[in-house]
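> I am attaching a structure below and will ask some questions about it afterwards.
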Amino acid sequence: MRSNVQLIRKRVDYLLRMRNYLNYSYEQILRIVPVEDFDALTPEQHEALAAFRVRFSEFQEHLGKLMRAIAREEEQETEPFSFVLLYMEKIGILDSAMRWKMIRELRNAINHEYEEDGGRLFEFFEALTTVVPELYEWLDRLIAFCQSTYFFSE
């Protein structure tokens, strides 16, 4: 197996583990949001929100790295990253490159939002919870592509 395909295999394995961790946090968050009063949350709920934010961010980051590795293996242009997104759209992994960018902006906003307004923070968390299934679907499509193209199993 070529070294880049081995890297792709490792990235898929890592993302599958990450999905389990993200899913655990996702299920915890679904019990919390929506909440009116950020200050009324317990320390455990604040911890669950923090874990979800980090796991979501890392999952999307590594999903992007897998897409870049696949584009590189397929001898596609990988700089800027929008070229990778357009290729992923072309092969049916993403429905829209713009959708990826929108989710990335949301992810960046919650990671850089130092807002004291709990309502605003919960808007971000609610939005993130609505897109988790989409990230999972993209991973499933990437895995299917890898299985059919590189002949490895999940």
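> Which of (1) within 21 Å of Leu106 (Cβ to Cβ); (2) hydrophobic (A, V, I, L, M, F, W, C); (3) free of Cβ contacts under 8 Å to residues at least 40 places away in the same chain; (4) in contact with a Phe, Trp or Tyr (Cβ under 9 Å, 6 or more places away or on another chain) does Ile29 not meet, given it meets every other one?
(3)
> Given (1) touching a residue at least 12 places away in the same chain (Cβ under 8 Å); (2) in contact with an Asp or Glu (Cβ under 9 Å, 6 or more places away or on another chain), where does His62 come up short, assuming only one miss?
(2)
> Let me ask something additional. Under the condition of being farther than 13 Å from Ile8 by Cα and not basic (Lys, Arg), which residue from region 135-154 is farthest from the chain's Cα centre (by Cα)?
Filtering region 135-154 for residues that are farther than 13 Å from Ile8 by Cα and not basic (Lys, Arg), the one farthest from the chain's Cα centre (by Cα) comes out as Ser148.
> Moving on. Looking at region 78-108, which of its residues are acidic (Asp, Glu) and closer than 23 Å to Phe52 by Cα?
Glu105
> Check Leu66 against each of (1) closer than 30 Å to Leu7 by Cα; (2) out of contact with any Lys or Arg (no Cβ under 7 Å at 6 or more places or on another chain) and name the one condition it does not meet.
Of (1) closer than 30 Å to Leu7 by Cα; (2) out of contact with any Lys or Arg (no Cβ under 7 Å at 6 or more places or on another chain), only one is false for Leu66: (2).
> Is it fair to say Phe81 is of a type in the set (A, V, I, L, M, F, W, C), touching a Gly at 6+ places or on another chain (Cβ under 9 Å) and either free of Cβ contacts under 8 Å to residues at least 24 places away in the same chain or at negative phi (or both)?
Yes.
> Restricting attention to region 116-134, and to residues there that are exposed (fewer than 12 other Cβ atoms within 10 Å of the Cβ) and over 20 Å from Tyr24 (Cα atoms), which single residue is modelled with the highest pLDDT?
Asp117
> For region 22-49, how many residues meet the condition of being among the aliphatic types (A, V, I, L, M), modelled with pLDDT under 90 and out of contact with any Leu (no Cβ under 8 Å at 6 or more places or on another chain)?
2
> Does any residue of region 11-20 turn out to be without any contact (Cβ under 8 Å) to a residue 40 or more places away in the chain, within 16 Å of the chain's Cα centre (by Cα) and closer than 11 Å to Phe125 by Cβ?
Looking through region 11-20, none of the residues is without any contact (Cβ under 8 Å) to a residue 40 or more places away in the chain, within 16 Å of the chain's Cα centre (by Cα) and closer than 11 Å to Phe125 by Cβ.
> Let me ask something else about it. Those residues that are more than 18 Å from the chain's Cα centre (by Cα), within 18 Å of Glu61 (Cβ to Cβ) and either surrounded by 16 or more Cβ atoms within 10 Å (Cβ to Cβ) or of a type in the set (S, T, N, Q) (or both), I need them from region 71-110; list them, please.
Thr78
The values are calculated or read from the model by the stated rules, or taken from the named source; none is laboratory data. Owing to the predicted nature of the structure, the values given are computational and were not obtained by experimental measurement. Positions of Cβ are generated from backbone atoms using ideal geometry, with glycine treated the same way; all protein chains shown enter the neighbour counts.
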